[in-house]
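Student: The structure is given below, and queries will be raised subsequently.
The values are calculated or read from the model by the stated rules, or taken from the named source; none is laboratory data. The shown structure was predicted, so the numbers you read here are calculated from the model rather than taken from an experiment. All Cβ positions, even for glycine, are placed from backbone atoms using ideal geometry, and neighbour counts span all protein chains on display. Surface accessibility is based on the protein's heavy atoms, side chains included, excluding ligands, DNA and RNA. Shrake-Rupley method; radii C 1.70, N 1.55, O 1.52, S 1.80 Å.
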Amino acid sequence: MDRDREDFGAQNSEPPPTDVTIPLGDVRTTADLHRVLKQQLGFPDFYGMNWDAFWDSITGLVERPDRIVFTGWAELAARLPRDAGLLRKILGEYQDPERSLSSHAGGFTASYE
């Protein structure tokens, strides 16, 4: 097993919170967005700060909450429409029970406020 993954698992043995609220109002750049996602969702230090790394993290590197609430969504969508669209698309794919990779995502929801 990868040494970084062993360390990460040991550091994050607490159960994930049921709901996570992620404030997006201060996000100005793609890098800001990935920093906020990394912090709020407990991604490992080796998180690659890109959308492929985001998918890898939510599908296997961290325990996911039951619900993610994004606040300030309209501001994010206005500032970073491409990233907002990608984030919403990725989480939609994660929630889709027809996708074999997301079969573990039962009960997960995301809301965009």
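Student: Would you point out which residue out of Gly72, Gly92, Gly48, Gly85 is at pLDDT 95 or above and under 13 Å from the mean Cα position of the chain (by Cα)?
Tutor: Values: Gly72 fails: under 13 Å from the mean Cα position of the chain (by Cα); Gly92 fails: at pLDDT 95 or above; Gly85 fails: under 13 Å from the mean Cα position of the chain (by Cα).
None of the others qualify; the one that does is Gly48.
Student: Can you run down the residue pairs with Cβ atoms below 7 Å, 6 or more apart or on separate chains, where the first is in the range 38-62 and closer than 14 Å to Tyr94 by Cβ and without any contact (Cβ under 8 Å) to a residue 40 or more places away in the chain and the partner is of a type in the set (Ser, Thr, Tyr) and open to solvent by 40 Å² or more (accessible area, probe 1.4 Å)?
Tutor: none
Student: Taking Val36 as meeting all but one of (1) surrounded by fewer than 16 Cβ atoms within 10 Å (Cβ to Cβ); (2) modelled with pLDDT of 90 or more, write down the number of the exception.
Tutor: Answer for Val36: the failing condition is (1).
Student: What do you reckon, is Leu24 modelled with pLDDT of 95 or more, within 22 Å of Glu113 (Cβ to Cβ) and surrounded by 15 or more Cβ atoms within 10 Å (Cβ to Cβ)?
Tutor: Yes; evaluated as a whole, the condition is true for this residue.
Student: Still on this structure, I have one more. Of the conditions (1) in contact with a Phe, Trp or Tyr (Cβ under 7 Å, 6 or more places away or on another chain); (2) modelled with pLDDT of 90 or more, Val62 clears all except one; give me its number.
Tutor: (2)
Student: Next up: Take the residues in the range 55-84 that are under 16 Å from Phe108 (Cα atoms) and aromatic (Phe, Trp, Tyr); name whichever of them is surrounded by the fewest Cβ atoms within 10 Å (Cβ to Cβ).
Tutor: Only one residue fits best here, namely Trp55.
Student: Please go through (1) over 21 Å from Tyr112 (Cα atoms); (2) at pLDDT 95 or above; (3) of a type outside the set (Ser, Thr, Tyr) for Asp56 and return the number of the only condition it doesn't satisfy.
Tutor: Looking at each condition in turn, Asp56 falls short on (2).
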